[in-house]
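Below is one structure, written out as structure tokens; the observations come after it.
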Amino acid sequence: TGSVGSLLASAGIACVVGVDFSSGMLAAAHSRRAYSSLVQADLRHLPFAPFSMDAIFCIGVLDHVGPHPRILAGLVRLLRPGGILVASLEGALRDSVGLVLQPLVAAQIVATIEMLGPFKGLPGSEHPEQDYVVVLETLCT
């Protein structure tokens, strides 16, 4: 719906790219006028070059698709060294995301900075009383 992009733009982030699978969600995001561009894409096949993003905010998304290794690795692939991934997840997924991230941490591709929560009222959440946020940093290789 564009709420995260609006927060980023109001914080002074110059280039905010919004991505969603749903044309309806993109239309809602467009109405906020906070994005440099909006892209309709599947999370499993994002149309961006490797190492092209400084940060990725994935809020209210993994609850729908799960923290699959391929999806998380694909998001990490887009980040520049030292880039940040911030993702929200329902409490039921909290333990599984740790297991999924273990190979990336072991290979020194990412460092888990924080697992925060539970939070109430994250945008797009179906169970806001159970949400957690994980923050990762890509390591320089």
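The values are calculated or read from the model by the stated rules, or taken from the named source; none is laboratory data. Predicted model, so just to flag it, every value in this text is computed and none were measured. Here the Cβ is made from the backbone with ideal geometry for all residues, glycine too, and neighbour counts use every protein chain on show.
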Discussion item. Polar (S, T, N, Q), touching a Lys or Arg at 6+ places or on another chain (Cβ under 6 Å) and on the phi < 0 side of the Ramachandran plot: which single residue out of Ser6, Ser10 fits that description?
Written reply: Ser6
Worksheet item: Which one of these does Tyr35 not meet: (1) crowded, with 19+ Cβ neighbours inside 10 Å; (2) over 18 Å from Leu62 (Cβ atoms); (3) in contact with a Pro (Cβ under 8 Å, 6 or more places away or on another chain)?
Response: (3)
Discussion item. All but one of (1) surrounded by 13 or more Cβ atoms within 10 Å (Cβ to Cβ); (2) modelled with pLDDT under 90 hold for Met53; state the number of the condition that does not hold.
Written reply: (2)
Discussion item. I need the full set of residues from the stretch 14-27 which are surrounded by 15 or more Cβ atoms within 10 Å (Cβ to Cβ) and farther than 20 Å from His45 by Cβ, in order please.
Written reply: Val16
Item to complete: Select the helices (runs of 4 or more DSSP H) contained entirely in the stretch 2-91, then report the ones holding at least 2 residues which are in contact (Cβ under 8 Å) with a residue 12 or more places away in the chain and farther than 30 Å from Gln102 by Cα.
Response: 3-10, 23-32
Item to complete: Please verify whether the stretch 106-122 includes one or more residues that are surrounded by 13 or more Cβ atoms within 10 Å (Cβ to Cβ), at pLDDT 75 or above and in a helix (DSSP H, G or I).
Response: no
